[in-house]
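Peer 1: One structure follows; several queries about it will come next.
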Amino acid sequence: MKIHLSSVFVDDQDEALRFYTEVLGFLKKTEVPLGEDRWLTVVSPEDPEGPELLLEPAGHPAVKPFRDALFEDGIPATAFAVRDVHAEFARLRGLGVRFTQEPLEMGPVTTAVLDDTCGNLIQIVAAA
Amino acid sequence: MVDDLYKALADPTRRAILDELTERSGQTLFEICSRLSVRRQFDMSRQAVSQHLAVLEAAGLVETRREGRYKFHDLNTAPLRHIAERWIRADGPEGNP
């Protein structure tokens, strides 16, 4: 068994696709119309056949209180691996991305936390 | 308020929180919890950390700041002046007979 798909709830799929591809650098993998929404996934250009990230509409009424509570305490919805957290932090901040946690050495890893502008905090992580 | 200050400083976890906020002010609860568990090996729940933060906030040593959906914790060392003013003499050790 292996991880095939993970998901994040997004306020707006168009804006999410823009942020996850143009800013974070993922590639669009699947786009299938499903009523008002789409089955919309992205993958890493470093592993295009690897796990897909589903940009899932956040319309369900349970999503908002759940995400608001995580966001308020600064808790990331998920984490992405990068080679160099400091370099990625500098690149993304240059693109106007807001971080709630700047790069921090945490034992064996370095982490930082950014706002995906679609309702989630995302942790980036690399070996220290 | 001054009693709250001594109570807040009496606990090693709360002193560790102040140490971490000294390194970087403006931390989320998630960052404070991460620092305490990974860097300080304090084994405690997020709720316990929240309670320690509430004690520090009541003493005026930590202030919370909201920016839209963000909530950050800042260090405020101003209450520590009460301690200095109470016991530390302004004229220094060499000024006395």
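Peer 1: What order do A:Thr78, B:Thr22, A:Thr100 take when sorted by accessible area (1.4 Å probe), most exposed first?
Peer 2: B:Thr22, A:Thr78, A:Thr100
Peer 1: Report the Cα centroid-to-centroid distance between region B:13-54 and region A:1-76 in angstrom, as an integer.
Peer 2: Using only Cα atoms, the two centres lie 30 Å from each other.
Peer 1: A further question follows. Express the C-alpha Rg of the protein assembly as shown as a ratio against the empirical globular expectation 2.2 N^0.38 Å, rounded to two decimals.
Peer 2: This ratio for the protein assembly as shown stands at 1.27.
Peer 1: In what sequence, largest accessible area first, do A:His60, A:His86, B:His52 appear using a 1.4 Å probe?
Peer 2: A:His60, A:His86, B:His52
Peer 1: Using R₀ = 22 Å, calculate the FRET efficiency as 1/(1 + (r/R₀)^6) where r is the Cβ-Cβ separation of A:Glu46 and A:Lys2; round to 0.05.
Peer 2: 0.85
Peer 1: Under a 10 Å cutoff between Cα atoms, tell me which one of B:Leu29, B:Leu75, B:Leu61 has the largest fluctuation in the Gaussian network model of chain B.
Peer 2: Its mean-square fluctuation being the largest, the pick is B:Leu29.
Peer 1: Here is a further query. Which angle between 0 and 90 degrees, to the nearest 10, do you get for helix A:85-94 versus the longest principal axis of chain A when only C-alpha atoms count?
Peer 2: The angle comes out near 60 degrees.
Peer 1: In degrees from 0 to 90, rounded to the nearest 10, what is the angle of the helix A:63-72 Cα long axis to the longest principal axis of chain A?
Peer 2: Roughly 10 degrees, rounded to the nearest 10.
Peer 1: Would you please state which residues of region A:97-113 a label at B:Glu67 would reach in this model, taking the label point 7 Å out along Cα→Cβ and a backbone N cut-off of under 19 Å?
Peer 2: Label zone hits: A:97-104, A:112-113.
Peer 1: Around B:Phe42, which amide H atoms from residues at least 5 apart in sequence, or from another chain, sit under 5 Å from its own amide H, with H modelled in the peptide plane?
Peer 2: B:Ser37
Peer 1: While we're looking at this one, here's another question. Report the Cα-based extents of region A:67-121 along its three principal axes, largest first, to the nearest Å.
Peer 2: Ordered largest first, region A:67-121 gives principal extents of 29, 27, 15 Å.
Peer 1: For B:2-13, what's the mean count of beta carbons from other chains sitting within 10 Å of each residue's beta carbon?
Peer 2: Shielding by partners across B:2-13 averages 0.
Peer 1: Long-range amide H contacts for A:Thr100: which residues qualify at under 5 Å (H placed 1.01 Å from N, peptide plane, sequence gap of 5 or more or a different chain)?
Peer 2: The list, which skips near neighbours in sequence, is A:Val113, A:Leu114, A:Asp115.
Peer 1: Over the protein assembly as shown, how many pairs of lysines fall under 26 Å by alpha carbon, counting only those 8 or more apart in sequence or from different chains?
Peer 2: Taking the Cα cut-off of 26 Å, the pair count is 5.
Peer 1: Work from the charge dipole of chain A (Cβ charges, +1 for Lys and Arg, -1 for Asp and Glu, about the Cα centre) and give the residue of A:Gly50, A:Gly74, A:Leu40 farthest towards its positive end.
Peer 2: Among A:Gly50, A:Gly74, A:Leu40, the one farthest towards the positive end of the dipole of chain A is A:Gly50.
Peer 1: In Å², rounded to the nearest 100, what is the total accessible surface buried by chains A and B against each other with a 1.4 Å probe?
Peer 2: 1700
Peer 1: Give me the accessible area per residue for chain A, probe 1.4 Å, as a whole number in Å².
Peer 2: With all protein chains present, chain A gives 53 Å² per residue.
Peer 1: List every residue whose amide H lies under 5 Å from the amide H of A:Val10, counting only residues 5 or more places away in sequence or on a different chain, with H placed 1.01 Å from N in the peptide plane.
Peer 2: A:Glu56, A:Ala58
The values are calculated or read from the model by the stated rules, or taken from the named source; none is laboratory data. In this text, all values refer to a predicted model and were calculated from it rather than measured experimentally. Don't worry about glycine lacking a Cβ; one is built from the backbone with ideal geometry, like all the others, and counts go over all protein chains shown. Accessible surface areas use protein heavy atoms only, side chains included; no ligands, DNA or RNA. Shrake-Rupley method; radii C 1.70, N 1.55, O 1.52, S 1.80 Å.
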